[in-house]
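Below you'll find the structure, written out as structure tokens, and then a few comments.
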Amino acid sequence: MYSGEVAGIRFHFPTVHDPFSNPHFVRLFGPHSSAQSAHSNAPNPGPHYTSDEAQEHHLRLVDERRQRRMISNRESARRSRMRKQRHLDELAKQVAGLRAANRRLLDDLNRVTREREGVLRENRRLRDERSELEKTLGDLNAEQHGGPKGLHEKLY
């Protein structure tokens, strides 16, 4: 037996790079060979195709793949735009919420500032009233005791 011979039958193995496109291979294994269908998802060009027809078939396959890839890329880009839009919508909601919180904080700050001013005015008024009362009390003590040392001086 020789290499390439099985059970006394000689097989000739061509030296092409792609045995599935070789007409001898197709004749041996037929158009529905599992080996060929594993090689290509496209229909078998068969031995009756001329090289121009085989080239056209190959170009159609390449064009179909390119079209599928283009459609897939467009769909991927559409999904990406949708994700981006959802993200922008979420950011816009966050901005609106932060602006509302900022307005509330500014309102609170303005209210507290007004209250503080009111408390400071009240403190000034009370200090002035205390000074007046201390002066009046000092004057009353001076009249009662007849001397310059009154309660006012004792307090301080």
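We did not get these values from a lab; they are worked out from the coordinates using the rules stated. What you are looking at is a predicted structure, and each value in this text was computed from that prediction instead of being measured. Don't worry about glycine lacking a Cβ; one is built from the backbone with ideal geometry, like all the others, and counts go over all protein chains shown.
Residues in the stretch 134-140 carry Karplus couplings, in order, of 5, 5, 4, 5, x, 5, 5 Hz; the curve used is 6.51 cos²θ - 1.76 cosθ + 1.60 with θ = phi - 60°, and Gly or Pro positions show x. Other residues whose C-beta falls under 14 angstrom from the C-beta of Leu98 contribute a net charge of +3, scoring Lys and Arg +1 and Asp and Glu -1.
Taking label positions 7 Å along the Cα-Cβ direction at both Arg121 and Arg81, the computed distance is 6.0 nm, reported to one decimal.
One quarter of the surface of the convex hull around the alpha-carbon atoms of the stretch 52-156 equals 11.6 nm², the direction-averaged projected area.
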